[in-house]
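Asks: Would you mind keeping the following structure in view while I ask a few things?
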Amino acid sequence: MSDATAEHVTPTPPPSERRRRKERRRDGDPGRRGRRVRLGFPFPQLARDLVAIAVLVTAIIAIVSRVRPIYSAKGPLAEQITQRMPGSAVVGQMKHDSTDEERAVKAPGFETDRRAFASDLVHTGRVDSARADTIAFYAVREAYIRGIPPAVIFGVMLTENAVFASNATSNVGAVGLMQVYPKVWLKELSSKFGKDLKTDSTNLKYGTFILSRYINAKGKPAVPGDVSKGLLRYNGCVRGTNTPHCSNYPSKVKTYVEREGESLCGDKSFYECIAKPFMIGLLGKAPSAGGS
């Protein structure tokens, strides 16, 4: 063999070297690339991630289901809040609409009559000043709306319910401050005034409306006798047969007004305090001589 040929021939390793290579392969010698690592799937970590995602999604669903988002297209936040507040509809309406109640409260003389009414209630010794103020406000307001002197409401209330008990119920079923009969009036007036006759404001609305209708049943100018007739009708005593001694009812109202209505009437008689202003100022007819 020539020298050129000998330069390209790879020498055969001796037997001892071949044995060492086999041993490295058998024993797992990492060599220069390092030891091979068998990759496995990370099931525990994946399980934890899935549980965390499930908890987060559940929380989001719960929050969304309980809280209503407020969208910009539905108007300002403050407006929506006020619309959801109790009474906000009434407040909003009062800003734009002038009701009978508003006009009555703003009428000249209202505050003077309200204070006088409350003062007379307190002087009876049966109510405290806070309750007297509440009753007086509603009583005078309704009197102004219906066009009758507040003193007549005062007298009827004392005659019907001298202890001013809102839940007072008579043996025939009359209810509240002015002893309104539910069987007679609820059907006709509940849509206008509500049904809770044990609420002072509602009861006074009923009682004052009924009284004004009875005093001026035909809507014509009044004469002195109309007040007495109206009081008799309010007591269910048109012919003096519905209740014992009911013909005395106007006299009882008159006595209460003159005895207890010191602030409302001063030294004026029942006629001067109630009948005369009722006919002149409210129904447009000058009274003739004589009392009610």
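The values are calculated or read from the model by the stated rules, or taken from the named source; none is laboratory data. Note that the structure is a prediction, hence the values are computed from the model and not measured. Ideal geometry is used to build each Cβ from the backbone, glycine not excepted, and the neighbour counts take in all protein chains shown.
Asks: Only residues that are over 22 Å from Lys252 (Cα atoms) and basic (Lys, Arg): list them for the stretch 103-151, please.
Replies: Answer for the stretch 103-151, where residues must be over 22 Å from Lys252 (Cα atoms) and basic (Lys, Arg): Arg103, Lys106, Arg114, Arg115, Arg131, Arg141, Arg146.
Asks: Tell me yes or no: at least one residue of the stretch 237-253 is outside any helix (DSSP H, G or I), modelled with pLDDT under 90, under 27 Å from Tyr181 (Cβ atoms) and hydroxyl-bearing (Ser, Thr, Tyr).
Replies: yes
Asks: So, one more: Being in contact with a Gly (Cβ under 7 Å, 6 or more places away or on another chain) and surrounded by fewer than 18 Cβ atoms within 10 Å (Cβ to Cβ) is the requirement here; does Lys106 meet it?
Replies: For Lys106, the condition - in contact with a Gly (Cβ under 7 Å, 6 or more places away or on another chain) and surrounded by fewer than 18 Cβ atoms within 10 Å (Cβ to Cβ) - is not met.
Asks: Ok, one more. Name the single residue, out of those in the stretch 70-102 being over 24 Å from Val156 (Cα atoms) and at pLDDT 50 or above, that is surrounded by the fewest Cβ atoms within 10 Å (Cβ to Cβ).
Replies: Filtering first and then ranking leaves Ser98.
Asks: When the stretch 204-236 is examined, which residues are found to be aliphatic (A, V, I, L, M), at pLDDT below 90 and part of a helix (DSSP H, G or I)?
Replies: Within the stretch 204-236, Ile215, Val227 meet the criteria.
Asks: Ok, one more. Got a sec? Which of Ser191, Ser269, Ser201 is at pLDDT 90 or above, closer than 19 Å to Ile148 by Cα and polar (S, T, N, Q)?
Replies: Ser201
Asks: Across the stretch 138-160, what is the total count of residues that are buried (at least 23 other Cβ atoms within 10 Å of the Cβ) and either among the aliphatic types (A, V, I, L, M) or closer than 10 Å to Ile274 by Cβ (or both)?
Replies: Final tally of qualifying residues: 14.
Okay, residues lined up against (1) outside any helix (DSSP H, G or I); (2) among the polar types (S, T, N, Q); (3) closer than 22 Å to Arg131 by Cα:
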{"residue": "Asn167", "(1), (2), (3)": "yes, yes, yes"}
{"residue": "Glu188", "(1), (2), (3)": "no, no, no"}
{"residue": "Ser191", "(1), (2), (3)": "no, yes, no"}
{"residue": "Leu197", "(1), (2), (3)": "yes, no, yes"}
{"residue": "Thr202", "(1), (2), (3)": "no, yes, yes"}
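Asks: Ok, one more. Mind checking which pairs have a first residue in the stretch 261-274 that is under 13 Å from Thr112 (Cα atoms) and a second that is among the basic types (Lys, Arg) and modelled with pLDDT of 85 or more, Cβ under 8 Å, 6 or more apart or different chains?
Replies: Ser263/Arg115
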